[in-house]
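Engineer: The structure under discussion is supplied below as structure tokens; questions concerning it will follow.
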Amino acid sequence: MATLTWYSIGIRIFGRTAVEVTRDPQAKFLAKAVADTLRMNGHEIQDVVDPFVGSGNMLYHFVKETRAIRAVGFDIDHEILKLTKRNFAKLRQFGRLREVNVSLAEGDWSGALPLLGDQATLVILAPPWGESFTENGHDLRKTEPPIRQILTTLSEQTGRGRLFAMIHTMPQVVAESVEETVQGYPTFETIKSNNPKVAARVNYVLVQIR
Ligand SMILES: C[S@@+](CC[C@H](N)C(=O)[O-])C[C@H]1O[C@@H](n2cnc3c(N)ncnc32)[C@H](O)[C@@H]1O
């Protein structure tokens, strides 16, 4: 939606979120690239889970592109979650959410763990949070908890459904932090955007956890 459109239907975001959010061109590109890759490899996603949901813009685009039937978001920040819930209610009211079952809850990311089970699930991990912006670039080892630890915890959950994680990285990422984070997990080939403005801002790694 154009800014004036979403503003006029009552959607609001905090200044902090305006800085942290993955904006539409980037979020749309990531969501389509990941959904296309999973489909090409024979995987249809049922649930999309963003345990660090912020504005929910990534969740929104990923649910749209994967055609998942359930969207789950957690955020530890009371005010952000309150506004995100309100914004999703507006999207529902204006017919932007198909019949997707959206569940947004305030709390630590680990609240999402019991929801992983027998359905094919894609987990979105879109830092920064914690101390991951460093003078050497974006460091995936410095989120709290580190992304590697999140992947380990996800891999320990029981369930028969396929489980994937999309880690949003930036072109200015500390390369070793990506290697260390995903080491030992199968990864899919990454698609690059032909739009130089998008390519300059986003990159990602798609891993299969089970
Ligand atoms: C970079 S933002 C996410 C941006 C989001 N992907 C978007 O497009 O708007 C990271 C979010 O994680 C939340 N957060 C930080 N630590 C958390 C934790 N332990 N559990 C859940 N949420 C957490 C922050 O409040 C923040 O809103």
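The values are calculated or read from the model by the stated rules, or taken from the named source; none is laboratory data. Note that the structure is a prediction, hence the values are computed from the model and not measured. Cβ: placed from backbone, ideal geometry, glycine included. Neighbour counts: every protein chain shown.
Engineer: Output the residue which, of all residues in the range 145-164 that are in a loop (DSSP other than H, G, I, E, B) and away from the ligand (no atom under 16 Å from the Cβ), is nearest to the chain's Cα centre (by Cα).
Structural biologist: Checking each candidate, the answer is 162.
Engineer: Could I ask something else about it? Looking at the range 14-63, which of the residues that are modelled with pLDDT of 95 or more and among the basic types (Lys, Arg) is farthest from residue 89 (Cα to Cα)?
Structural biologist: Going through the qualifying residues, I end up with 39.
Engineer: May I ask you to list the residues in the range 104-122 that are away from the ligand (no atom under 12 Å from the Cβ), aliphatic (A, V, I, L, M) and crowded, with 22+ Cβ neighbours inside 10 Å?
Structural biologist: Result: 122, single match.
Engineer: Can I ask one more? Take the range 125-144 and flag every residue that is free of Cβ contacts under 8 Å to residues at least 12 places away in the same chain and under 17 Å from the mean Cα position of the chain (by Cα).
Structural biologist: 132
Engineer: Which condition does residue 6 not pass, out of (1) more than 12 Å from the ligand (Cβ to nearest atom); (2) modelled with pLDDT of 95 or more; (3) in a helix (DSSP H, G or I), if it passes all the others?
Structural biologist: (2)
Engineer: When the range 47-93 is examined, which residues are found to be hydroxyl-bearing (Ser, Thr, Tyr), in contact with a Ser or Thr (Cβ under 7 Å, 6 or more places away or on another chain) and outside any loop (DSSP other than H, G, I, E, B)?
Structural biologist: Selection gives 84 alone.
Engineer: Condition test on residue 151, is it touching a residue at least 40 places away in the same chain (Cβ under 8 Å), surrounded by 15 or more Cβ atoms within 10 Å (Cβ to Cβ), closer than 26 Å to residue 46 by Cβ and in contact with a Lys or Arg (Cβ under 8 Å, 6 or more places away or on another chain)?
Structural biologist: No, not satisfied.
Engineer: I would also like to ask the following. Pairs only if they're at least six apart or on different chains, beta carbon under 8 angstrom, first in the range 68-94 and over 22 Å from residue 114 (Cα atoms), second in a helix (DSSP H, G or I) and modelled with pLDDT under 95; list them, first residue then second.
Structural biologist: Matching pairs, first to second residue: 80/16; 80/17; 83/17.
Engineer: Only residues that are in contact (Cβ under 8 Å) with a residue 12 or more places away in the chain and part of a helix (DSSP H, G or I): list them for the range 165-210, please.
Structural biologist: Answer for the range 165-210, where residues must be in contact (Cβ under 8 Å) with a residue 12 or more places away in the chain and part of a helix (DSSP H, G or I): 177, 178, 180, 181, 182, 197, 198, 199.
Engineer: Ok, one more. Just give me the residues in the range 17-52 being within 13 Å of the ligand (Cβ to nearest atom), under 26 Å from residue 210 (Cβ atoms) and in contact (Cβ under 8 Å) with a residue 60 or more places away in the chain, in sequence order.
Structural biologist: The answer is 22, 30, 48, 49, 50, 51, 52.
Engineer: Among the residues of the range 53-70, which ones are of a type in the set (Gly, Ala, Ser) and either near the ligand (Cβ under 6 Å from one of its atoms) or over 20 Å from residue 169 (Cα atoms) (or both)?
Structural biologist: 54, 55, 68
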